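Each remark here refers to the structure printed beneath this line.
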Amino acid sequence: MNTAAAVADFRSYPLISALTTVQTLADQVLVTWADGRVSPFHHQWLRDNCPCPVCVYTVTREQVLEIVDVAEDLCPAIAQVDADGCLSIDWQDGHTSRFDPGWLRAHAYDDESRAERSAGKPKSRLWNSQLKLPVFEYQAVMDDPKALLQWLLALRDIGLTQVRGVPTEPGSLTHIAKRISFIRESNFGVLFNVQSKADADSNAYTAFNLPLHSDLPTRELQPGLQFLHCLVNDADGGESIFVDGFAIADALRQEDPEAFRALCEIPVEFRNKDRHSDYRCLAPIIALDTLGQVSEIRMANFLRGPFDASVEQMPKLYRAYRRFIAMTREARFRLITRLNPGEMWCFDNRRTLHARNAFDPTSGARHFQGCYIDRDELLSRILVLQR
Ligand code: OGA
Ligand code: ZN
Ligand code: ZN
């Protein structure tokens, strides 16, 4: 029998270690692996994860069973390693489940297996002004899935990349963005044109200096990836500046824990308004994940509403906010480069803050095009490429 068929997934799970013995206890099955690891699996967990075609629809590979529909105290009548090396369970109610050993190992929840999985999770590689900018070639990313994957891994782990050799026809950006997935539209369009305009609906569309910021902090979900593609850059000034927001938040945590806490705890409102729309989002500047790691930075001084904090908290918030902005201005964190036509920035908009110096629109033309893609699309494309 094909053991892969017993997996309710589109990925495959390599055999890391064979199953050797199975012992049935009151509420769990204790499995011993060839490498000596012992993994307990509760009866409920095993029944819940039965991959058979009755419990999982084979077309979608999604579960149809709901665990509440089997007895809470259901026990195996027989639990053993079968001839194919799978864990095979005949349940007391007559149902049978078979578990692929590669899949079972990948989902084992003994302490060692969980610690191993947690250590194997991708980690952000923090950077500062010394970053050797990860640069990728447009044609390679368009033609070669391996080059595409390398680019996407750099986006995930470093959060700042440059792509060169992008055609300078307006709209070219769409083709490379679609190598990842569909584009996230906003009130600024599917693609937005960054140009100095008389009737600007954002400071971005002026020639002003734009301080370090994330785009659309005015939304509940900030776009995950931002693309900025240079078509023309003949004006004096307008250099691009980047900082790793996670590196700054980590440094703040070390150097000024009280300020760090204030930015994690006190929500701030960001607003984007024009004649036709009015977007507002109230959220802290630094977000933490369930493990307490920095997972997101939300920042754009030009989109910020008046602080609304208690009288007691207001001075703390100002102190923390000033400190954070002062850090974004420190040379140790800042990477400054001018973008040339045919070059494109792509970065994690929820981590890497970007800025541009003021430019002189009378000295020449400057035209960038941009778009957004959500982080989910990046992570999904990586997993599919890795299958
Ligand atoms: C923006 C922006 C950068 C630039 O449009 O949000 O940050 O270099 N533009 O013009
Ligand atoms: Zn089943
Ligand atoms: Zn921006």
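Roughly speaking, what is the stretch gain from residue 71 to residue 185, that is 0.36 nm per residue apart minus the C-alpha to C-alpha distance, in nm to one decimal?
Using 0.36 nm per residue and subtracting the Cα-Cα distance, I get 36.3 nm.
Below 8 Å between Cα atoms, with a sequence gap of 6+, how large is the relative contact order for the chain in percent?
21 percent
Would you mind getting the accessible area per residue of segment 191-295, heavy atoms of the protein chains only, 1.4 Å probe, in Å²?
Accessible surface, normalised per residue, equals 43 Å².
For segment 347-387, would you read off the P(r) tail past 14 Å as a percentage of all alpha carbon pairs?
68 percent
Considering only protein heavy atoms and a 1.4 Å probe, what is the carbon-and-sulfur percentage of the accessible area of segment 268-387?
Carbon-and-sulfur percentage of accessible area, whole number: 50.
Using the Kirkwood radius built from alpha carbon pairs, what does the Stokes-Einstein equation give as D for segment 18-79 at 4 °C and 1.567 mPa s, in µm² per second?
Value of D from the Cα-based Kirkwood radius: 101 µm²/s.
Which of 24, 328, 206 moves most in a GNM of the chain, Cα contacts under 10 Å?
24
Volume per residue, Å³, of the convex hull around the alpha-carbon atoms of segment 88-198?
236 Å³
May I ask for the Kirkwood hydrodynamic radius of segment 164-220, worked out over all distinct Cα pairs and given in angstroms to one decimal?
Over segment 164-220, the inverse of the mean reciprocal pair distance is 13.5 Å.
For the chain, what is the largest minus smallest coordinate of the Cα atoms on each principal axis, given in angstrom and ordered from greatest to least?
82, 56, 42
How much FRET efficiency would the formula 1/(1 + (r/R0)^6) give for residue 61 and residue 329, where r is the Cβ-Cβ distance and R0 is 45 Å, rounded to 0.05?
About 0.35, to the nearest 0.05.
Excluding ligands, DNA and RNA, what is the solvent-accessible area per residue of segment 345-387 at a probe of 1.4 Å, expressed in Å²?
It amounts to 37 Å² per residue over segment 345-387.
Looking at segment 58-147, which chymotrypsin sites (Phe, Trp or Tyr not before Pro) are in a loop (DSSP not H, G, I, E or B) and have at most 15 other Cβ atoms within 10 Å?
Loop-located and lightly packed - 109.
The values are calculated or read from the model by the stated rules, or taken from the named source; none is laboratory data. The structure displayed is predicted, hence computed values, not measured ones. Glycine gets a Cβ as well: all are built from the backbone with ideal geometry, and neighbour counts include every protein chain shown. Surface areas here come from the heavy atoms of the whole protein model, side chains and all, with no ligands, DNA or RNA. Shrake-Rupley method; radii C 1.70, N 1.55, O 1.52, S 1.80 Å.
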